[in-house]
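Q: After the structure tokens below, expect a handful of questions from me.
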Amino acid sequence: MNQEIIKCFNDLLGEEKVRISEPMNRHTTFRIGGPADYFLLPSTAEEVKKILEICKEKELPYFILGNGSNLLVSDEGYCGVIIQLYRNYGGITVEGTNIRAGAGALLSQIASAAKNASLTGFEFAGGIPGTLGGAVVMNAGAYGGEMKNVLKEVTVMTEQGEIMTIPAEKLEMGYRTSLVKKAGYLVLEAVISLKAGDVEEIKAIMKDLTEKRVSKQPLEYPSAGSTFKRPEGYFAGKLIMDAGLRGYQVGGAQVSEKHCGFVINKGNATAADVCGLMKDVQEKVQEQFGVTLEPEVKFLGEF
Ligand SMILES: Cc1cc2nc3c(=O)[nH]c(=O)nc-3n(C[C@H](O)[C@H](O)[C@H](O)COP(=O)(O)OP(=O)(O)OC[C@H]3O[C@@H](n4cnc5c(N)ncnc54)[C@H](O)[C@@H]3O)c2cc1C
């Protein structure tokens, strides 16, 4: 690793917020991934801006990480800078019926803050294990709800370090996509607009959705949630099951027996195992049903 670059980051953030050769299996819900050259934990927009400047000057590629719950990192890791916006960037404030939160706030924490303030509309997101930033980029959704329906505005930083606030109607939110994703913006903060509700009803909805997740999803194993996007007119999990792939395994990676839409890490799975399994699944589903499965999971590093 380059000592001059390490010094730049240490001077900017302090050594406790800079990690070198950081194993990415510690930062992904798949528990998979080799080392990242530089792993940074900024806590202000100013720090983020300066990191982007250093990356530009030193010609270093960078990647914004939330909770790594939709991510497969290569076994060789990532040659570049990981900028994680997580606990270090996760303040939550209730403002009337709105909630303002930093990109690193977990959706579960925001759902809990909404419940405590008797605000309804965010119950759907309580069980999605991502950060607000990741959820905005992906337009995360579940059980009939999606980020699109609750976002009021999003504050982003461009690659050039310019900060701007975009109102919801200009965010071009679609199925697992958004303007933020297309333009490669970095999400700093967002405001969620909810409605006054009844705390007991909110609790009951959240309990019901948690029970649904626990009974249907293989939460006892590391995974990245739904591996493939929902192809129009079909369900990925059902196609995979109908192709006879329930429990299909490559190395330590397996098509979950509980929910075929999930690829799970049965223990010591490598990124190569997951990737190989995904290719086999795509081929078999294409062959049998003529349907193309597109990955929902993001890939980082060399594959
Ligand atoms: C058990 C399980 C269940 C799941 N259930 C659901 C579900 O019901 N619905 C659903 O939609 N998803 C679900 N997911 C997938 C995942 O939780 C979501 O996609 C989530 O929004 C990803 O957030 P993250 O912070 O983990 O993002 P990461 O995985 O860290 O990153 C995902 C993408 O977002 C980008 N990103 C992250 N933060 C920022 C930021 N601040 N600015 C710019 N870009 C950023 C990354 O660069 C990357 O491209 C599930 C995952 C698991 C493991």
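The values are calculated or read from the model by the stated rules, or taken from the named source; none is laboratory data. Since this is a predicted model, take the numbers as computed values, not measurements. All Cβ positions, glycine included, derive from the backbone under ideal geometry; neighbour counts span all protein chains shown.
Q: Scan (1) closer than 20 Å to Asn139 by Cβ; (2) assigned to a loop (DSSP other than H, G, I, E, B) for the single condition Gly225 breaks and write down its number.
A: Failed condition: (2).
Q: Could you please find all residues in the stretch 41-67 being in a loop (DSSP other than H, G, I, E, B) and touching a strand residue (DSSP E or B) at 6+ places or on another chain (Cβ under 7 Å)? Even if it seems obvious, please write down each step before you answer.
A: First, pick out the residues of the stretch 41-67 that are in a loop (DSSP other than H, G, I, E, B): 41-44, 58-61, 66-67.
Of everything in the stretch 41-67, those that are in a loop (DSSP other than H, G, I, E, B) and touching a strand residue (DSSP E or B) at 6+ places or on another chain (Cβ under 7 Å) turn out to be Leu41, Pro42, Leu60, Pro61, Gly66, Asn67.
Q: From the list Lys207, Lys212, which one is at pLDDT 95 or above and within 13 Å of the ligand (Cβ to nearest atom)?
A: Among Lys207, Lys212, only Lys212 is at pLDDT 95 or above and within 13 Å of the ligand (Cβ to nearest atom).
Q: Among residues belonging to the stretch 25-69 that are within 15 Å of the chain's Cα centre (by Cα) and of a type in the set (D, E, K, R), point out the one that is nearest to the ligand (Cβ to nearest atom).
A: Arg31
Q: Of the residues Ile20, Ile6, which is aliphatic (A, V, I, L, M), part of a helix (DSSP H, G or I) and under 29 Å from Thr270 (Cα atoms)?
A: Every option except Ile6 fails the conditions.
Q: Based on this model, can you work out whether Thr177 counts as closer than 14 Å to Ala135 by Cα, out of contact with any Asp or Glu (no Cβ under 9 Å at 6 or more places or on another chain) and hydroxyl-bearing (Ser, Thr, Tyr)?
A: yes
Q: What pairs come out if I take residues in the stretch 165-182 that are among the hydroxyl-bearing types (Ser, Thr, Tyr) and pair them with residues that are away from the ligand (no atom under 12 Å from the Cβ) and not in a helix (DSSP H, G or I) whose C-beta lies under 7 Å away, six or more apart or interchain?
A: What qualifies is Thr165/Glu153; Ser178/Leu171; Ser178/Glu172.
Q: Take the residues of the stretch 70-79 that are within 12 Å of the ligand (Cβ to nearest atom) and assigned to a strand (DSSP E or B): which is nearest to Thr155 (Cα to Cα)?
A: Step one: of the stretch 70-79, the residues within 12 Å of the ligand (Cβ to nearest atom) are 70-73, 78.
Okay, now just the ones that are also assigned to a strand (DSSP E or B), so 71-73, 78.
Working: Leu71: 23, Leu72: 27, Val73: 27, Tyr78: 27 Å.
Among those that are within 12 Å of the ligand (Cβ to nearest atom) and assigned to a strand (DSSP E or B), it is Leu71.
Q: Right, something else. Can Val187 be described as assigned to a strand (DSSP E or B), of a type outside the set (Asp, Glu) and within 16 Å of the ligand (Cβ to nearest atom)?
A: When the stated conditions are applied, Val187 passes them.
Q: I would also like to ask the following. Considering (1) surrounded by 24 or more Cβ atoms within 10 Å (Cβ to Cβ); (2) of a type outside the set (Ser, Thr, Tyr); (3) within 15 Å of the ligand (Cβ to nearest atom), say which one Arg87 fails and leave the rest.
A: (1)
Q: State whether one or more residues within the stretch 114-137 are without any contact (Cβ under 8 Å) to a residue 40 or more places away in the chain, near the ligand (Cβ under 10 Å from one of its atoms) and in a strand (DSSP E or B).
A: No, the stretch 114-137 contains no residue that is without any contact (Cβ under 8 Å) to a residue 40 or more places away in the chain, near the ligand (Cβ under 10 Å from one of its atoms) and in a strand (DSSP E or B).
Q: Within the stretch 253-289, work out how many residues are among the polar types (S, T, N, Q) and touching a residue at least 60 places away in the same chain (Cβ under 8 Å). If you could, list the steps in order and put the result at the bottom.
A: Here is the first cut: in the stretch 253-289, the ones among the polar types (S, T, N, Q) are 254, 256, 265, 268, 270, 282, 286, 288.
Filter once more, keeping what is touching a residue at least 60 places away in the same chain (Cβ under 8 Å): 265, 270.
Number of matching residues: 2.
Q: Restricting attention to the stretch 162-181, and to residues there that are crowded, with 16+ Cβ neighbours inside 10 Å and at pLDDT below 95, which single residue is farthest from the ligand (Cβ to nearest atom)?
A: Applying the filter and picking the extreme gives Ala168.
Q: For the stretch 262-278, give me the residue count where each residue is surrounded by 22 or more Cβ atoms within 10 Å (Cβ to Cβ) and assigned to a loop (DSSP other than H, G, I, E, B).
A: Residues meeting the conditions: 1.
Q: Might you let me know whether the stretch 182-202 holds any residue that is within 23 Å of the chain's Cα centre (by Cα), closer than 25 Å to Phe124 by Cα, modelled with pLDDT under 95 and surrounded by fewer than 19 Cβ atoms within 10 Å (Cβ to Cβ)?
A: Within the stretch 182-202, one or more residues are within 23 Å of the chain's Cα centre (by Cα), closer than 25 Å to Phe124 by Cα, modelled with pLDDT under 95 and surrounded by fewer than 19 Cβ atoms within 10 Å (Cβ to Cβ).
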